[in-house]
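*Asks:* Let me begin by handing over the structure; questions about it come next.
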Amino acid sequence: MVGYNLKLGWQSLRRTPVLSSLAIAAIALGIGVATTCVTIHYLLAGDPLPGKSDRLFYVRLDSWDPERPFDSDFPERPPNQLTYRDALAAVVESDIPARKAAMFRARLYLHPEGAQPFSADTRVTTRDFFALFAVPFRFGDAWSAEAEARGEAQVVLSAEINRKLFGEANSVGRTIKIDQQIFTVAGVLAPWRPALKFYDIHNGSERSPEEIYIPFALARPLGIVNAGNTSSWGQGWQTVDGKYDSEAVWLQGWVELESDSQKQAYQSFLDQYTDGQRAAGRFQRKNNNQLQPMRAWHQQEEAVPPSAKSLMVIALAFLGICAVNLIGLLLGKFLARAPEVGVRRALGASRAAVFVQHLVECELTAVGGGLAGILLSWGVLGVINRALEGDVHYRLDLPMIGTGFGLTLVAGLVAGLYPAWRICSVPPATHLKLQ
Amino acid sequence: MIRLEHLSKIYRAALVETLALRDLDLTVAAGEFVAVMGPSGSGKTSFLNVVGLLDGFDQGRYLLDGQDVSRLSDRDSSRLRNEKIGFIFQSFNLIPDLDVFDNVDVPLRYRGWGAKERREAILGALESVGLGARTKHYPAQLSGGQQQRVAIARALAGRPKLLLADEPTGNLDTAMAREILEMLETINEQGTTIVMVTHDPELARRASRQIHLLDGRLLDVAADHPRPLFAPTGDAAMTTFVS
Amino acid sequence: MELGPIFRALVKNRTRFVLIVLEVGLALAVVVNCVHQLSEIRATVTKPSGLADEENLLRVLVQPFDPELRDRDRAESLRQADVRRLQNLPGVVAVTRTSAVPLSGSGNSSGIRLPEKRDADPIPGPNFEVSEDWLRTFGVELVRGRDFLPEDYASESVAEAILTEALARRLFPEGDPLGRQFVVFGSEPVTVVGLVAHMTNAWPDSEVADLAFFYPGRPVYERYSFYLVRVTPGLAGEVRQAIDKALLAEHSGRTVEVQSMTEVRAETFRQSQFVARLLSAVIVLLVFVTALGIAGVTSFSVTQRTRQIGTRRALGATRGEILRYFLVENALVTALGLVVGIALAFGLNDGLARFASATRLPLGLVFGGTVFFAVLGQATTLVPALRATKVPPVVATRAV
């Protein structure tokens, strides 16, 4: 029966090519726009690390001014970044988390052999960064734990910077001068461009990931400071040493905690740490050390541009309008065929059979339009990516193609129900008589 | 009332020209009840369309109620139809989305009468066809005979001088057909000229005069001298069969 | 003319009209909200910065990589030499050093307090440390008070400041701000010596975009420095080339990047512009689809009613009256759709306000959208309605 219904549906589509094309175009446009916008929203607001993000926590300690809170609008919130001392002692030097990363963004000079030096976007971080955020490697790997412990000058390059410096070659083991220091390449990343810079939303959340990654242990010895937001309530943060020793907050801390007990253990470690610091004269506010899961953190800080949300609402409304259009088109098409249906009914087709037959035809139309729409969305995203100057921001992946297809089936069903019901209510007799 | 002089109408298809009406001469006096007969394809509908100003013609002259209507604009012929002619169709042509009252109201709206005047005319017309109590019914809720009576009310409400009926009983059973015919006779007796197209000789005999159309040509038969002037030839039978 | 029967016929046969009502309603709601967002984005993107003639204001970013230049005194003398070189370039009107660049998205901000209210929450104080000739280079308008004195720029401490009027109003809601003092950087009180009319600070899309103060000095940072260069209109292209050569000739151990303020603005608003373009595309498509939908449904309803139209013609309706019938019918349906749409528009706005921090819909926009869709409805009905007028009256006598 399904095969027969599909065949009838296909014949009907071919018999009314103009109306069918219009119907398919309507649904294609709706699905195209909806899939595009949903994809953009999903990449910006969706889970950047599915299955993992709920184990990743952003670390904040309330080291702020005893006189007033960090954010007077939200006095219960600790500062949004860490001081260097606390990032080192409470994040890097704790053995409790499964993985941990203290980090900041900087701009350093690359001195390629025989070419003009240029400044490169740099992330100064611990080796866990790559495993913590599931960063894909093309060659090599993160620098080893031993290298990190010994403070070796090793570097991980992004795919783009590796292409720029070494062509497409595997550059692991080669050297490059950064500022005044010679670094050995430990690894090269595969192309990696999350739409949201989820691991550092306070210093340009729409930026690409950095071009080079160097060990955190080298930061202070090389006198590297951040290129990004620094907030301070004390004095003396304007110089390099001042930045490292003052109460200025300018680093991000992330930990991976695999269980509740691990989380509790780490939380009490933090509280003990700040208690200890308080005894030494720092942390004069009451303990307010927070471990916030990644997505909750993003949400609190409104990392997703509100326009992305409204884009999604608007896209779904757009699909609604296209579905209403489809209802009109299908209704016209089906009712024009009432005489034929009268014959079928007279020949013994039940109401249900007629209903199903037409619903199948609607779904067939929708699927045709949906496929075209997904293709359209793919093209539109390509155009958008090109407009955004080479950054591969928005890509259709399997879940999004699935979502587009799901929307298609729902739209086909919703749009098809009424016309199919109308046509199956055609009484068998009337239209026979008029023949 | 109606005067046709050497009137011809040609249908042009891509390559073929068909003479639908050939050199028609006819006079219908005011107050007559004329039945137009003929087999399918003989030009009955073309005749009705031309006389009812629904369609133009190619040669000759047509005087309606003394006015030459040969070269009227669409607008003027619409006005003339609205004021002088009432139509009754074989398939009633009631508007399914409107109730009985609003259906009868349709031509009056185009007449531009005031609300009160229209209301009186509508209720009067419906009363005269015996449907005064059904103003709120929709066509689908009425029998065929009732629908045709609504159509008659609609035709009469504007008090036309000429009533054109196109197979008015074609879709009705005998009892209903008789009822409708009696109604038409009454209307005729009250002074309205009626031209009725039919292929039913039984019906035609009730008219004061019968006209036969064959291949677009006229054969006039006076009702009071029922002579079988018209005898179908082999060709005519063939035409009937083919169409 | 025949509103009553048209309306009653509509009520009797609702399906196709419900579709138009839904479609017009949804479309109005979405379009009005999209346009509202678009205009908000436009307002932010095109808001005047207070800088005169952005096209002819160049921002020069110099980043030293030679370790020699880390020495503070060496860096300072080089910067002074740079400024002299830039001033001597043909086509250059004025040059200044600044700690940050307006509209650029990165700059400095420090909390400000009044000396008598040291415990109060600080007012955000986005600031610019500027050197000689800054007023002329920025091209902002000094409306009250005076510019900094030549000796102020060499002083180590910050004693005087010039505020934007917006910041002055915020800091000193009452009385004349000139001569008043405030505390910033935890230092000695700073005296207000002048006011500039308006200037956008480094964060143009923030809520505090028009708060800023300027203080005199010699901005020097280890890893970068900014020069602003005002050029004679029409010469920006040549000056840009010359800047690069002049600065590298002074010292080659660094990189030089030149952008006009127009480009700085474009880069800052890239994401907004992207969303704006996406919204515009959605609006255009939506209007197009809605128009097609109305035309489609009306066209179908004309086809369905061919016989009825013929009958009306036979009963005396002129072509004009048939046309009017469909236009009036559409007007009724569209009006209903627009009522639904206005309600939906406010509903959607409310939702967007809650989840995506949208602002209230201006009534004028809703009104404009309503008029637009009313006209669109009539215009798109015109095609099928004109087809309806071509239905000949003889249709009425055709056998079914």
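The values are calculated or read from the model by the stated rules, or taken from the named source; none is laboratory data. The structure presented is a predicted model; accordingly, all values stated were derived computationally and were not measured. When we count neighbours, we look across all protein chains shown, and the Cβ atoms used for this are built from the backbone with ideal geometry, even at glycine.
*Asks:* Search segment A:316-345 for residues being farther than 19 Å from C:ALA291 by Cβ and facing another protein chain (nearest Cβ under 10 Å), and hand back the single one that is surrounded by the fewest Cβ atoms within 10 Å (Cβ to Cβ).
*Replies:* This residue is A:ALA336.
*Asks:* What helices (runs of 4 or more DSSP H) completely inside segment A:304-401 contain at least 2 residues that are at pLDDT 80 or above and within 30 Å of C:GLU267 (Cα to Cα)?
*Replies:* Passing ranges, in order: A:306-335, A:351-387.
*Asks:* Within the set of pairs 6 or more residues apart or between chains, which connect a residue that is away from every other protein chain (no Cβ under 14 Å) inside segment A:206-223 to a residue that is aromatic (Phe, Trp, Tyr) and surrounded by fewer than 20 Cβ atoms within 10 Å (Cβ to Cβ) with Cβ atoms less than 8 Å apart?
*Replies:* Between residues of segment A:206-223 that are away from every other protein chain (no Cβ under 14 Å) and residues that are aromatic (Phe, Trp, Tyr) and surrounded by fewer than 20 Cβ atoms within 10 Å (Cβ to Cβ), the close pairs are A:PRO209/A:TRP192; A:ARG220/A:TYR244.
*Asks:* Considering segment C:212-252 alone, what residues qualify as being aromatic (Phe, Trp, Tyr) and modelled with pLDDT of 90 or more?
*Replies:* Residues satisfying the conditions are C:PHE213, C:PHE214, C:TYR215, C:PHE226, C:TYR227.
*Asks:* Identify, please: which residue in segment A:26-73 is of a type in the set (Ser, Thr, Tyr) and either surrounded by fewer than 17 Cβ atoms within 10 Å (Cβ to Cβ) or closer than 27 Å to A:VAL91 by Cα (or both) and is, among those, nearest to the other protein chains (Cβ to nearest Cβ)?
*Replies:* Out of the qualifying residues, it is A:SER72.
*Asks:* Moving to a separate point now. Give segment A:102-137 a look and list any residue that's in contact (Cβ under 8 Å) with a residue 60 or more places away in the chain, hydrophobic (A, V, I, L, M, F, W, C) and within 12 Å of chain C (Cβ to nearest Cβ), or say none.
*Replies:* A:ALA106, A:LEU108, A:LEU110, A:ALA120
*Asks:* Turning to a different aspect of this structure: Take the residues of segment A:57-93 that are of a type in the set (Gly, Ala, Ser) and over 29 Å from the mean Cα position of the chain (by Cα): which is modelled with the lowest pLDDT?
*Replies:* In this case the residue turns out to be A:SER72.
*Asks:* Tell me, yes or no, whether segment C:309-327 has at least one residue that is in contact with a helix residue (DSSP H, G or I) (Cβ under 6 Å, 6 or more places away or on another chain), more than 14 Å from chain B (Cβ to nearest Cβ), at pLDDT below 95 and buried (at least 21 other Cβ atoms within 10 Å of the Cβ).
*Replies:* Scanning segment C:309-327 turns up no residue that is in contact with a helix residue (DSSP H, G or I) (Cβ under 6 Å, 6 or more places away or on another chain), more than 14 Å from chain B (Cβ to nearest Cβ), at pLDDT below 95 and buried (at least 21 other Cβ atoms within 10 Å of the Cβ).
*Asks:* Is it the case that B:ALA157 is within 12 Å of another protein chain (Cβ to nearest Cβ) and either under 30 Å from B:GLU5 (Cα atoms) or in contact with a Ser or Thr (Cβ under 9 Å, 6 or more places away or on another chain) (or both)?
*Replies:* When the stated conditions are applied, B:ALA157 does not pass them.
*Asks:* Considering (1) surrounded by fewer than 20 Cβ atoms within 10 Å (Cβ to Cβ); (2) at pLDDT 90 or above; (3) of a type in the set (Lys, Arg), say which one C:LYS47 fails and leave the rest.
*Replies:* In the conditions (1) surrounded by fewer than 20 Cβ atoms within 10 Å (Cβ to Cβ); (2) at pLDDT 90 or above; (3) of a type in the set (Lys, Arg), C:LYS47 misses (2) alone.
*Asks:* Looking only at segment C:1-58, which residues are of a type in the set (D, E, K, R), within 14 Å of chain B (Cβ to nearest Cβ), in contact (Cβ under 8 Å) with a residue 12 or more places away in the chain and assigned to a helix (DSSP H, G or I)?
*Replies:* Within segment C:1-58, just C:ARG16 meets the criteria.
*Asks:* Moving to a separate point now. Tell me the residue from A:LYS243, A:LYS197 that is within 14 Å of another protein chain (Cβ to nearest Cβ), surrounded by 20 or more Cβ atoms within 10 Å (Cβ to Cβ) and free of Cβ contacts under 8 Å to residues at least 60 places away in the same chain, please.
*Replies:* A:LYS197
*Asks:* Scan (1) within 14 Å of chain A (Cβ to nearest Cβ); (2) part of a loop (DSSP other than H, G, I, E, B); (3) touching a residue at least 60 places away in the same chain (Cβ under 8 Å) for the single condition C:VAL158 breaks and write down its number.
*Replies:* Exception for C:VAL158: condition (3).
*Asks:* On to the next question. Kindly indicate which of A:ALA101, A:ALA23 is small (Gly, Ala, Ser), part of a helix (DSSP H, G or I) and at negative phi.
*Replies:* A:ALA23
*Asks:* To continue, here is another question. Taking segment A:138-154 only, how many residues are buried (at least 16 other Cβ atoms within 10 Å of the Cβ), within 26 Å of the chain's Cα centre (by Cα) and over 14 Å from A:ARG99 (Cβ atoms)?
*Replies:* Counting residues in segment A:138-154 that are buried (at least 16 other Cβ atoms within 10 Å of the Cβ), within 26 Å of the chain's Cα centre (by Cα) and over 14 Å from A:ARG99 (Cβ atoms) gives 3.
*Asks:* Here's a follow-up. Can you name the residue in segment C:53-82 that is of a type in the set (A, V, I, L, M) and out of contact with any Asp or Glu (no Cβ under 8 Å at 6 or more places or on another chain) and, of all such residues, is farthest from C:SER260 (Cα to Cα)?
*Replies:* C:LEU69
*Asks:* Within segment C:59-75, track down each residue that is crowded, with 16+ Cβ neighbours inside 10 Å and not in a strand (DSSP E or B).
*Replies:* Correct list: C:PHE65, C:LEU69, C:ALA75.
*Asks:* Go through A:ALA372, A:ALA387, A:ALA349, A:ALA366 for me and flag whichever is away from every other protein chain (no Cβ under 13 Å) and free of Cβ contacts under 8 Å to residues at least 12 places away in the same chain.
*Replies:* Of the residues listed, the single one that is away from every other protein chain (no Cβ under 13 Å) and free of Cβ contacts under 8 Å to residues at least 12 places away in the same chain is A:ALA349.
*Asks:* Of all the residues that make up segment C:198-227, how many are buried (at least 17 other Cβ atoms within 10 Å of the Cβ) and under 24 Å from the mean Cα position of the chain (by Cα)?
*Replies:* Here the count works out to 12.
*Asks:* Would you pick out the residues in segment A:5-52 that are over 14 Å from A:LYS333 (Cβ atoms) and free of Cβ contacts under 8 Å to residues at least 60 places away in the same chain?
*Replies:* Once the filter is applied, which keeps residues that are over 14 Å from A:LYS333 (Cβ atoms) and free of Cβ contacts under 8 Å to residues at least 60 places away in the same chain, segment A:5-52 yields A:LYS7, A:GLY46, A:PRO50, A:GLY51.
*Asks:* Within segment C:271-288, track down each residue that is touching a residue at least 12 places away in the same chain (Cβ under 8 Å), within 8 Å of chain A (Cβ to nearest Cβ) and either within 30 Å of C:ILE322 (Cα to Cα) or under 15 Å from the mean Cα position of the chain (by Cα) (or both).
*Replies:* Of everything in segment C:271-288, those that are touching a residue at least 12 places away in the same chain (Cβ under 8 Å), within 8 Å of chain A (Cβ to nearest Cβ) and either within 30 Å of C:ILE322 (Cα to Cα) or under 15 Å from the mean Cα position of the chain (by Cα) (or both) turn out to be C:SER272, C:VAL275, C:LEU279, C:LEU286.
*Asks:* Report, by residue number, each residue of segment C:77-130 that is among the acidic types (Asp, Glu) and either crowded, with 17+ Cβ neighbours inside 10 Å or at pLDDT 90 or above (or both).
*Replies:* C:ASP82, C:GLU129
*Asks:* While we're here: Can you confirm whether C:LEU361 is more than 11 Å from every other protein chain (Cβ to nearest Cβ), surrounded by fewer than 21 Cβ atoms within 10 Å (Cβ to Cβ), in contact (Cβ under 8 Å) with a residue 24 or more places away in the chain and on the phi < 0 side of the Ramachandran plot?
*Replies:* So C:LEU361 does not fit the description; no.
*Asks:* Among the candidates B:GLY60, B:GLY66, B:GLY43, which residue alone is surrounded by fewer than 22 Cβ atoms within 10 Å (Cβ to Cβ) and in contact (Cβ under 8 Å) with a residue 40 or more places away in the chain?
*Replies:* None of the others qualify; the one that does is B:GLY60.
*Asks:* Right, next: Those residues that are without any contact (Cβ under 8 Å) to a residue 60 or more places away in the chain, of a type in the set (A, V, I, L, M) and part of a strand (DSSP E or B), I need them from segment B:1-40; list them, please.
*Replies:* Matches in segment B:1-40: B:LEU4, B:LEU7, B:ILE10.
*Asks:* For segment B:80-98, how many residues meet the condition of being at the interface with chain C (Cβ under 7 Å from one of its Cβ atoms) and among the charged types (D, E, K, R)?
*Replies:* Residues that pass the stated criteria total 2.
*Asks:* If the requirement is being charged (D, E, K, R), in contact (Cβ under 8 Å) with a residue 40 or more places away in the chain and either farther than 25 Å from A:THR184 by Cβ or crowded, with 21+ Cβ neighbours inside 10 Å (or both), which of these qualifies: A:ARG85, A:ARG99?
*Replies:* Just one listed residue meets the conditions, A:ARG85.
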